[in-house]
């Protein structure tokens with residue numbers, strides 16, 4: 001890039017000294033990214049290993065950390081498949097069917113993007129909590145939702161809902177209905193058409209949505225924090241555990257958990273990049 | 001009522017509306033088994049909608065559709081035993097050519113050997129032997145459309161429907177492919193209906209042409225009938241170039257033409273041009289000469305200011321040595337007005 005700019009400037013007859021500008025721009029960008037992202041991230045790794053490898057492994061064995069990992073994975077296992085199924089169904093309804101309230105559904109799907117996660121959590125508390133609308137009914141049947149995993153799952157599902165539908169809708173609109181109609185003229189029923197024709201055409205955008213859903217589900221803090229009560233060893237996911245351990249001056253343990261979360265993000269990032277290459281799309285910010 | 005077995009497709013009083021737009025209105029159409037029929041019309045004339053109604057891709061608001069004698073109005077697309085070819089091929093991009101062609105066969109649970117043999121047979125039929133393992137993206141437009149055709153023919157449909165099959169191809173490939181389609185039809189003999197907005201294409205390929213306009217059938221007939229005896233002003237002006245003149249025009253006075261209809265239609269090649277005054281001609285002046293290849297177009301201005309477009313063969317043009325601004329004499333060889341037909 002620099003060489004290219006230099007060459008162009010030489011052709012244009014501009015003095016060589018002016019080519020410092022691109023260098024300066026690159027320098028500023030690197031410095032900024034370094035200060036804001038790379039150094040803090042690297043510090044997490046350094047801190048996690050501050051008691052050496054054995055300390056790190058010992059920390060990994062922490063019972064509460066393991067419980068947090070288990071609960072985080074549970075959140076993912078519950079919310080990702082549900083949101084994928086819902087996302088596909090909603091995407092098909094919106095991209096392929098005409099029905100009253102279609103634009104309303106489209107807006108509602110976007111709601112979790114625009115609502116603060118804390119408010120989302122609060123909504124769940126107000127509905128299912130002891131003083132909430134359904135509170136008395138749940139209590140009399142001995143069903144616990146708030147301060148327990150079902151509430152956390154609800155919060156996680158809420159915040160990670162839009163991704164699959166949002167990725168699949170434009171893809172469905174882009175591929176059109178020709179191939180699906182062709183399949184039906186060849187004798188395929190709706191189900192066969194879906195599995196053999198539509199799904200292969202939308203699988204990359206769907207997987208992209210699944211990756212984003214997973215990242216959001218595993219990393220969510222605000223909404224889950226409100227509904228869970230953050231009880232150590234019981235209702236703490238990894239993000240909650242990181243905060244709690246840090247507050248309790250278990251710094252290394254906190255950084256160990258943070259490193260795990262960071263690792264998940266890294267895997268997500270790589271998958272996202274791979275899928276972006278597959279779907280031929282530009283990197284986007286959500 | 002039970003329909004004649006010899007009738008491949010029968011459309012009876014079919015109408016279809018999209019919102020406030022009347023796409024197809026009270027259409028009746030009979031297509032004989034084994035014939036090749038073109039639905040011809042401008043865009044928005046309802047020709048594609050009619051084809052999709054026959055296929056079952058759209059449901060008619062009223063009327064009935066019979067395929068090979070059975071009432072198919074309420075049958076779903078997949079039960080109609082039709083083959084459909086789309087303008088933009090609609091191939092399955094994630095499947096190879098071979099898998100595309102095999103798609104319908106595999107749904108019918110044929111044995112693997114039978115499917116393989118049939119696919120090879122079809123690859124040969126559409127002249128794509130050896131390209132079976134390619135993906136659609138690795139083929140040219142013309143090749144893709146032949147794959148689409150092979151895929152539709154694989155399941156041995158009783159009726160083959162093609163929606164602007166050559167519309168997305170460039171001029172040269174389009175010409176090759178349409179004469180190829182004609183030959184293929186002579187081999188396979190499946191009842192075929194194709195949609196086109198290109199009158200030349202319809203003329204070249206079809207046994208019968210159905211001219212459509214504003215959702216209605218204007219005329220049904222062989223290419224020659226449609227050209228020589230157009231039933232309506234629309235057909236006259238849609239099939240081939242035409243001059244539309246008021247019946248008061250100078251050119252008709254010498255010939256003693258008398259018609260109550262205000263508009264008279266005159267094909268460019270039905271205008272005779274002479275250098276010297278001969279009976280029944282009127283004087284005119286050459287405005288412009290355009291060379292169209294095998295014929296020459298002369299734009300002539302009558303004394304009343306009316307401009308006519310005339311076509312004459314190259315040889316005739318050379319004999320006459322026409323030039324702009326030259327004084328000539330013109331005579332209509334044949335003219336037409338509607339609804340009464342007459343000749344001079």
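The values are calculated or read from the model by the stated rules, or taken from the named source; none is laboratory data. Note that the structure is a prediction, hence the values are computed from the model and not measured. Note that each Cβ is placed from the backbone with ideal geometry, even for glycine, and that neighbours are counted across all protein chains shown.
How about the stretch B:70-80: which of its residues are in a helix (DSSP H, G or I) and surrounded by 18 or more Cβ atoms within 10 Å (Cβ to Cβ)?
From the stretch B:70-80, those in a helix (DSSP H, G or I) are B:77-79; that's our starting set.
Correct list: B:77, B:78.
Check the stretch B:43-54 and report whether any residue there is in contact with a helix residue (DSSP H, G or I) (Cβ under 7 Å, 6 or more places away or on another chain) and within 14 Å of chain A (Cβ to nearest Cβ). For the stretch B:43-54, residues in contact with a helix residue (DSSP H, G or I) (Cβ under 7 Å, 6 or more places away or on another chain) and within 14 Å of chain A (Cβ to nearest Cβ): absent. Does at least one position in the stretch B:124-132 carry a residue that is away from chain A (no Cβ under 13 Å), part of a helix (DSSP H, G or I), surrounded by 19 or more Cβ atoms within 10 Å (Cβ to Cβ) and out of contact with any strand residue (DSSP E or B) (no Cβ under 6 Å at 6 or more places or on another chain)? So far as the stretch B:124-132 goes, no, none of its residues is away from chain A (no Cβ under 13 Å), part of a helix (DSSP H, G or I), surrounded by 19 or more Cβ atoms within 10 Å (Cβ to Cβ) and out of contact with any strand residue (DSSP E or B) (no Cβ under 6 Å at 6 or more places or on another chain). Scanning the stretch A:172-215 for residues that are farther than 28 Å from residue A:160 by Cβ, more than 8 Å from every other protein chain (Cβ to nearest Cβ) and out of contact with any helix residue (DSSP H, G or I) (no Cβ under 9 Å at 6 or more places or on another chain) yields a total of 1.
Scan the stretch B:31-63 residue by residue and report those that are part of a loop (DSSP other than H, G, I, E, B), within 15 Å of the chain's Cα centre (by Cα) and surrounded by 17 or more Cβ atoms within 10 Å (Cβ to Cβ). Break it down into steps so the answer makes sense when it comes.
Pass one, the stretch B:31-63, residues part of a loop (DSSP other than H, G, I, E, B): B:33-35, B:41-46, B:56-61.
From the residues that got through so far, the ones that are within 15 Å of the chain's Cα centre (by Cα) too are B:35, B:41-46.
Once the filter is applied, which keeps residues that are part of a loop (DSSP other than H, G, I, E, B), within 15 Å of the chain's Cα centre (by Cα) and surrounded by 17 or more Cβ atoms within 10 Å (Cβ to Cβ), the stretch B:31-63 yields B:35, B:41, B:45, B:46.
Taken residue by residue, the stretch B:24-41 has at least one member that is free of Cβ contacts under 8 Å to residues at least 60 places away in the same chain and either touching a strand residue (DSSP E or B) at 6+ places or on another chain (Cβ under 6 Å) or not assigned by TED's automatic domain parsing to the domain that holds residue B:221 (or both). Here residue B:67 clears all of (1) within 10 Å of chain A (Cβ to nearest Cβ); (2) within 21 Å of residue B:189 (Cα to Cα); (3) crowded, with 21+ Cβ neighbours inside 10 Å except the condition numbered (1).
Out of everything in the stretch B:154-163 that is out of contact with any strand residue (DSSP E or B) (no Cβ under 6 Å at 6 or more places or on another chain) and within 12 Å of chain A (Cβ to nearest Cβ), what residue ends up being surrounded by the fewest Cβ atoms within 10 Å (Cβ to Cβ)?
B:156
Before we move on, is residue B:84 surrounded by 19 or more Cβ atoms within 10 Å (Cβ to Cβ), under 22 Å from residue B:27 (Cα atoms) and facing another protein chain (nearest Cβ under 8 Å)? So residue B:84 passes the test. Listed conditions (1) over 20 Å from residue B:167 (Cβ atoms); (2) within 9 Å of chain A (Cβ to nearest Cβ); (3) touching a residue at least 24 places away in the same chain (Cβ under 8 Å); (4) in a helix (DSSP H, G or I) are all met by residue B:92, apart from (4). Being more than 19 Å from residue A:188 (Cα to Cα), touching a helix residue (DSSP H, G or I) at 6+ places or on another chain (Cβ under 8 Å) and in a helix (DSSP H, G or I) is a property that residue B:146 has. What residue, among those in the stretch B:299-327 that are touching a helix residue (DSSP H, G or I) at 6+ places or on another chain (Cβ under 8 Å) and surrounded by 17 or more Cβ atoms within 10 Å (Cβ to Cβ), is nearest to residue B:249 (Cα to Cα)? Of everything passing the filter in the stretch B:299-327, B:302 is nearest to residue B:249 (Cα to Cα).
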